[in-house]
Amino acid sequence: MRPLFVLLTALFILAVFKEGFCNQAQSCLNKELRLELLKMTKEDQEIRNKVIEAQFNDPALAAKMQEIDSKNLKRMKEIIKRFGWPGESLVGKDGADAAWLLVQHADKDIKFQKQCLVLIKEAVRKGEASKENLAYLTDRILVAERKKQIYGTQAQIIEGRVVFYPIEDEANIDARRKEIGLPTLEEYKKQLEKIYRLKNQAV
């Protein structure tokens, strides 16, 4: 059994790492913070790609991932303390997504994740964060607490297959996912199978 807590979460693959930007509509962007968040996320994703390529069987890579996660957790606490939640008006859409991903992978400190969940909920209300990110972090925390997830974002690999952690009211899961812009559970499963390079996908 391999938890997908090393996930490239939500197919979060950074396609562009540009220099800081600022225009009339985005004059309040903190370019330095945005670039720092993107750099941290790039490192996060690179080590997770290596772990996946090694089929989760390389202890040295696993240890390196834990080291990077711990470093990012420490820095995210500093950022949150200074800026509050880094929303889209502060660090751009990609920067806000990067901040979420780093918190999503802060599994060593669920108390901090819960703190950020409250902040993200408020950010979503203000249009500063995405509903999708809120859904992923909500499920992450619920699964960590051994409760049923709401949006079906968290899964594990068992004998080469993607198996979702227990889902609340599973009969209506696709309706809930659609409301926040997520694909159906079956489509998401296929995406995970592709990411994790699972060869035997037949049920």
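Some points to look at:
- Any hit, the range 125-141, residues being on the phi > 0 side of the Ramachandran plot and not hydroxyl-bearing (Ser, Thr, Tyr): yes
- Of the residues making up the range 137-147, at least one is modelled with pLDDT of 95 or more, touching an Asp or Glu at 6+ places or on another chain (Cβ under 7 Å) and either of a type in the set (Phe, Trp, Tyr) or surrounded by fewer than 20 Cβ atoms within 10 Å (Cβ to Cβ) (or both).
- Verdict on GLN156 being assigned to a helix (DSSP H, G or I) and either among the charged types (D, E, K, R) or in contact (Cβ under 8 Å) with a residue 40 or more places away in the chain (or both): no
- Note on the range 159-196: among residues that are among the aliphatic types (A, V, I, L, M) and assigned to a loop (DSSP other than H, G, I, E, B), the one that is farthest from the chain's Cα centre (by Cα) is ILE180.
- Considering the range 18-46, and only residues there that are surrounded by 12 or more Cβ atoms within 10 Å (Cβ to Cβ) and modelled with pLDDT under 50, the residue that is nearest to GLU193 (Cα to Cα) turns out to be GLY20.
- Evaluating PHE112 against the criteria (1) aromatic (Phe, Trp, Tyr); (2) surrounded by fewer than 22 Cβ atoms within 10 Å (Cβ to Cβ); (3) not in a helix (DSSP H, G or I) leaves one unmet condition, (3).
- Unique residue being farther than 16 Å from ASP69 by Cβ and buried (at least 24 other Cβ atoms within 10 Å of the Cβ) when the list is VAL91, VAL103, VAL124: VAL91
- Restricting attention to the range 47-69, the residues that are assigned to a helix (DSSP H, G or I) and either exposed (fewer than 13 other Cβ atoms within 10 Å of the Cβ) or touching a strand residue (DSSP E or B) at 6+ places or on another chain (Cβ under 9 Å) (or both) total 5.
The values are calculated or read from the model by the stated rules, or taken from the named source; none is laboratory data. Just so it is clear, the model here is predicted, and its values are computed rather than measured. Because the Cβ atoms are built from the backbone with ideal geometry, glycine has one as well, and the counts that use them run over all protein chains shown.
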